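The values are calculated or read from the model by the stated rules, or taken from the named source; none is laboratory data. Small disclaimer: the values here were computed from a predicted structure and weren't measured. Please note: Cβ atoms are built from the backbone with ideal geometry, for glycine as well, and neighbour counts cover all protein chains shown. Ligands, DNA and RNA are excluded from the accessible area calculation, which covers all protein heavy atoms including side chains. Shrake-Rupley method; radii C 1.70, N 1.55, O 1.52, S 1.80 Å.
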Amino acid sequence: MSIVTVQLGQCGNQIGHEVFNAICSDVHDTHGLCSKKENESYRDACKERFFCEEQSEVPVARAVLVDMEPKVISQTLSMAARSGYWKYDDGSHFCQKQGSGNNWANGYSVHGPRHKEVIMNLVQKEAEKCDRLGGFFTIMSMAGGTGSGLGAFVTQCLRDAFPASFLLNHVIWPYGTGEVIVQNYNSVLTLSHLYKSSDALLVHENDVVHKICAQLMNIKQISFRDINQVIAHQLGSVFQPTYTAEGGLHYSRNPLGDLMETLVPHPEFKMLGLRNIPQMPENSLAYSTFSWPGLIKHLRQMLIANAKMEEGIDWQVRPPCLGSSIPSRHSTKKPLHFNTSVANLVILRGKDTHSVDLGSFRDPSLYTSWLNPKDAFHSWKTLRAFNKYEKLASLVSNSQFLLKPLDNVVGKAWNMFASKAYIHQYTKFGIEEEDFLDSFTALEQVISSYTSL
């Protein structure tokens, strides 16, 4: 099944380009450390998923590019065409001359309705090119105006136009120190609207990725491109083909559907986080060896201690004891920093994946009590290596990982709202105080649900 990617705003278009780049360079990696037959079926599954072949034989990305300013889209189109490995369809982008000025209301209430027909026609055209449509993957930032405001509007339109298709929003969480003065307003409005329309939100935090670039990738002067490449590598490690069943003979046909089925058992819990191990500069890969038991041990501790990368993990954090006579949520012994999960998915790529023991992820004490541990944990595997990593483990987790950042954003936005700061910038585009209050209420409910796990 095919995925149509919708790239929204400057951030969405730059990351989308890096995602297709990462997927393409992985597919062109001739050996993949596996048999020729395995490599060919992997390549075919990937191409059906993300590209459509044209007469020119250069794969064309199944993507729609949307921005309210032309600069980033024209750069993105020309960089893809210059690569020679893949390109965007010349007719699958939409841009205007004037941006949204970092104002969510401008993107959502003005640009959205004004350009709805043109944007949805492009999406429809792209969807019709798919023999089997698996769903939509949107990429957007929460801080600005186009990605967030127009992104939330387009997500709603996708849900209305394709009610039976899966819809996954990839969301970039802004730097805590702030790029935009009203970013907390934009974030609160974006998240509350996406929560209504989307099947799941896959979140990357800029602060975390920045740290990965500095500490793991050893990059001295970190650019947005460096950050986007790390994000693209992590996304590729999830969306490239895998076997979802033990001893499966065919690559998964419906990656978005499989992801939702595995990780979103209840519509109240749809925040997904992503971690990779190992992660290092390409030139260090040849000199590094890893064992699966070591990688799995680190990945599990990253999950329960809510560490976003393998450096600086708190090894003191332990799961609560299930044998305690008092229910664990009321137990004084419940560790303060323990990260409770709704569901987890581990994806293993590379050598000897069939023999890896993942029993430690099946421990019932990692999960909420209302879901059977058998249903809460899944693993996907393939012997085909990803992007030159001989062994790579990815964890997609529906857990309390985002509670603190979410609480922070809502708190900061509420403080500004209480003093009526900048509200007039939104009301002039038709977003009233009532809309803000609805968004705060919706997110307080999300925080409450995750806190009570």
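Within region 144-168, the residues that satisfy the criterion of being polar (S, T, N, Q) and surrounded by fewer than 21 Cβ atoms within 10 Å (Cβ to Cβ) are Q156, S165. Restricting attention to region 1-17, the residues being outside any strand (DSSP E or B), open to solvent by less than 10 Å² (accessible area, probe 1.4 Å) and modelled with pLDDT of 95 or more number 5.
Is it the case that some residue within region 213-228 is closer than 18 Å to S141 by Cα, buried (at least 20 other Cβ atoms within 10 Å of the Cβ) and in contact with a strand residue (DSSP E or B) (Cβ under 8 Å, 6 or more places away or on another chain)? Among the residues of region 213-228, not one is closer than 18 Å to S141 by Cα, buried (at least 20 other Cβ atoms within 10 Å of the Cβ) and in contact with a strand residue (DSSP E or B) (Cβ under 8 Å, 6 or more places away or on another chain), which makes the answer no.
You will find that of V64, V60, V110, V118, the residue that is surrounded by 21 or more Cβ atoms within 10 Å (Cβ to Cβ) and of a type in the set (A, V, I, L, M, F, W, C) is V64 and no other.
Of the residues V19, V64, the single one that is touching a residue at least 24 places away in the same chain (Cβ under 8 Å) and closer than 21 Å to K97 by Cβ is V64. One residue stands out in region 122-138 among those that are of a type in the set (A, V, I, L, M, F, W, C) and assigned to a strand (DSSP E or B): the one that is most open to solvent (accessible area, probe 1.4 Å), namely L133.
Evaluation of S141 against the conditions (1) open to solvent by less than 10 Å² (accessible area, probe 1.4 Å); (2) in contact with a Ser or Thr (Cβ under 9 Å, 6 or more places away or on another chain) shows that the sole unmet condition is (1).
Every residue, every condition in (1) of a type in the set (D, E); (2) surrounded by 15 or more Cβ atoms within 10 Å (Cβ to Cβ); (3) touching a Cys at 6+ places or on another chain (Cβ under 8 Å); (4) not assigned by the TED database to the domain that holds A214, yes or no:
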{"site": "P255", "(1), (2), (3), (4)": "no, yes, no, no"}
{"site": "D258", "(1), (2), (3), (4)": "yes, yes, no, no"}
{"site": "T262", "(1), (2), (3), (4)": "no, yes, no, no"}
{"site": "I296", "(1), (2), (3), (4)": "no, yes, no, yes"}
{"site": "L299", "(1), (2), (3), (4)": "no, yes, no, yes"}
{"site": "I304", "(1), (2), (3), (4)": "no, yes, no, yes"}
{"site": "A307", "(1), (2), (3), (4)": "no, yes, no, yes"}
{"site": "W315", "(1), (2), (3), (4)": "no, no, no, yes"}
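The one condition from (1) touching a strand residue (DSSP E or B) at 6+ places or on another chain (Cβ under 8 Å); (2) aliphatic (A, V, I, L, M); (3) within 23 Å of S252 (Cβ to Cβ) that A164 does not meet is (1). How about region 357-453: which helices (runs of 4 or more DSSP H) wholly inside it have at least 1 residues that are assigned by the TED database to the domain that holds H28, open to solvent by 10 Å² or more (accessible area, probe 1.4 Å) and in contact with a Ser or Thr (Cβ under 6 Å, 6 or more places away or on another chain)? Hits in region 357-453: none. Listed by first and then second residue, the pairs with beta-carbon distance under 7 Å, at least 6 apart or on different chains, first residue in region 250-264 and within 13 Å of F137 (Cβ to Cβ), second open to solvent by 30 Å² or more (accessible area, probe 1.4 Å), are N254/M1; L256/F166; G257/F166; M260/F166; M260/D199. Filtered by the rule that a residue be open to solvent by 20 Å² or more (accessible area, probe 1.4 Å) and within 15 Å of the chain's Cα centre (by Cα), region 264-273 gives a lone residue, V264.
The residues in region 267-299 that are among the charged types (D, E, K, R) and closer than 17 Å to R349 by Cα can be counted, and the count is 3. When each of H28, H93 is tested for being modelled with pLDDT under 90 and open to solvent by 50 Å² or more (accessible area, probe 1.4 Å), the lone residue that passes is H28.
On inspection, S35 does not qualify as hydroxyl-bearing (S, T, Y), more than 23 Å from the chain's Cα centre (by Cα) and open to solvent by less than 60 Å² (accessible area, probe 1.4 Å).
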